[in-house]
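None of the figures in this text is laboratory data; all of them are computed from the coordinates on show. Keep in mind it's a predicted model, so treat the numbers as computed, not measured. FYI the Cβ positions are ideal-geometry reconstructions off the backbone, even for glycines, and counts take in every protein chain you see.
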Amino acid sequence: MVTAAARPLWAPLLADELLRRIARLRLVVTDVDGVLTDGGIYFSESGEALKRFSVRDGMGVERLRAQGIETAFLTRESSAIVKRRAEKLGIRHCYLGVADKKAFLPELLAQAGVGDDEIAYIGDDVNDEEIMTVVAERGLVGAPLDAIPSVLRRAHHCCALPGGCGAFRDFAEWILGLRSQDTATEVRQPSTVLKKEVR
Ligand SMILES: [Mg+2]
């Protein structure tokens with residue numbers, strides 16, 4: 001059931017347009033805290049922070065790469081843990097300490113060598129709203145199940161799983177599933193409801 005707060009800002013993409021965007025996709029940009037993690041940060045006595053990642057999301061990165069789609073990290077935080085996670089997954093485009101994601105997007109695209117119609121973005125919080133609005137014009141945008149309502153409203157795909165618990169994998173599988181479709185008539189419309197089958 002779609003609540004008023006989660007009602008999409010725009011109509012779902014028509015199947016033909018959705019397929020076109022999926023077919024030309026070359027880069028998935030993901031926020032980190034709240035998407036790849038549950039948003040929690042663990043502190044030890046020495047103050048060292050720990051974050052928890054899902055190996056299933058890591059598999060999503062690999063499965064996208066196998067189809068020629070790279071993943072980029074884009075986060076406001078400057079975290080050595082995130083940098084290490086990116087290295088572990090072989091991610092070449094890891095942008096830390098980016099306060100204004102929308103303003104940074106042109107530089108990100110230039111460094112990655114992709115166009116603004118060749119990207120997808122997944123985020124969960126207010127600092128993702130502006131970049132999501134821009135990416136949604138020509139690309140694809142997603143949000144974890146537990147993203148804030150104003151972000152969910154911007155998403156073409158609302159994940160069935162929350163951040164840190166497979167949301168990125170859900171987004172990746174949605175992309176890969178649509179890529180494997182041969183005809184527009186067989187394509188599912190972007191999910192506009194929060195509840196769907198859990199993979
Ligand atoms: Mg976040």
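Matching residues to (1) touching a residue at least 12 places away in the same chain (Cβ under 8 Å); (2) within 20 Å of S150 (Cβ to Cβ):
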residue: L9; (1), (2): yes, yes
residue: V28; (1), (2): yes, no
residue: V32; (1), (2): yes, yes
residue: Y42; (1), (2): no, no
residue: F73; (1), (2): yes, no
residue: R84; (1), (2): no, no
residue: Y95; (1), (2): yes, no
residue: V114; (1), (2): yes, no
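Considering I81, I131, the condition of being of a type in the set (V, I, T) and farther than 26 Å from D16 by Cα is satisfied by I81 alone. Checking each residue in the range 125-141 for being under 23 Å from R52 (Cβ atoms) and assigned to a helix (DSSP H, G or I) picks out V126, N127, D128. When the range 142-173 is limited to residues that are among the aliphatic types (A, V, I, L, M), in a loop (DSSP other than H, G, I, E, B) and more than 14 Å from T30 (Cα to Cα), the one that is farthest from the ligand (Cβ to nearest atom) turns out to be A160. Within the range 146-161, being more than 12 Å from the chain's Cα centre (by Cα) and within 16 Å of T37 (Cβ to Cβ) holds for D146, I148, L161. Would it be correct to say that G142 is closer than 20 Å to R65 by Cα and buried (at least 21 other Cβ atoms within 10 Å of the Cβ)? Against the criterion (closer than 20 Å to R65 by Cα and buried (at least 21 other Cβ atoms within 10 Å of the Cβ)), G142 qualifies. The helices (runs of 4 or more DSSP H) falling completely within the range 18-117 that include 3 or more residues that are buried (at least 17 other Cβ atoms within 10 Å of the Cβ) and within 16 Å of the ligand (Cβ to nearest atom) map to 80-88.
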